[in-house]
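Everything on this sheet refers to the single structure shown next.
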């Protein structure tokens, strides 16, 4: 794929096939597994990349912005291999030499770095469409397949809520300018209120990101609209 000036464009396929990226994503997940966190590996990275690109594509942003959202979505958690704290900022800095080596131009690297550095609710804010899409995609990934703890008897609240989520889907209605997160939660494993105990600040961040894209955010849990 080439840009208008004839230069090759760095794509998600190149990034996810890069040996350094593969190693970083895998090691980041192993580090979090050791700390008892849910999955943050290739499955999560790939899903966030897909959703982020899809959000911008459905809202008719140009193709390259959607592609950059995919790249940022795939790389957003690599900073976890260093430390969980401030992993968004460390991950953004780690992305710079990777993307530079692959040949991405500086202005595109800047957009990717900004999106990675702003994806955490403690200190992140969407200021570009790419960043907004990554935030929405990352916070939407709630599902039992993320649980890495094999012992249900020792589940913490994050394990319970993720294990209870049997379906999560981001629905983009471009005509109505609505982005909805649809969840199905099996309440025999976690109550709906427990979802809000750990995800309220994340949903607030998603709403800001959705509003930045000029849309309304709606949350649907077990076929009931809550926002």
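Taken over segment 197-210, residues that are loosely packed, with under 15 Cβ neighbours inside 10 Å and touching a helix residue (DSSP H, G or I) at 6+ places or on another chain (Cβ under 9 Å) amount to 1. Run residue 102 past the list (1) more than 14 Å from the chain's Cα centre (by Cα); (2) free of Cβ contacts under 8 Å to residues at least 60 places away in the same chain and report the number of the one that doesn't hold. Every condition holds for residue 102 apart from (2).
Among the residues of segment 171-182, not a single one is farther than 16 Å from residue 58 by Cβ and either in contact with a helix residue (DSSP H, G or I) (Cβ under 7 Å, 6 or more places away or on another chain) or touching a residue at least 12 places away in the same chain (Cβ under 8 Å) (or both).
Checking segment 82-91 against the condition returns a match, with at least one residue being surrounded by fewer than 17 Cβ atoms within 10 Å (Cβ to Cβ) and under 26 Å from residue 106 (Cβ atoms). Looking across segment 54-80, the residues that are over 17 Å from residue 110 (Cα atoms) and either at pLDDT below 95 or buried (at least 24 other Cβ atoms within 10 Å of the Cβ) (or both) come down to 55, 56, 80.
If I filter segment 209-222 for residues that are modelled with pLDDT of 95 or more, closer than 27 Å to residue 32 by Cα and within 18 Å of the chain's Cα centre (by Cα), do I get at least one hit? Checked against the condition, which is being modelled with pLDDT of 95 or more, closer than 27 Å to residue 32 by Cα and within 18 Å of the chain's Cα centre (by Cα), segment 209-222 yields at least one hit.
The values are calculated or read from the model by the stated rules, or taken from the named source; none is laboratory data. None of these values were measured; they are calculated from a predicted model. Cβ coordinates were reconstructed from backbone atoms using ideal geometry, including for glycine residues, and neighbour counts include every protein chain displayed.
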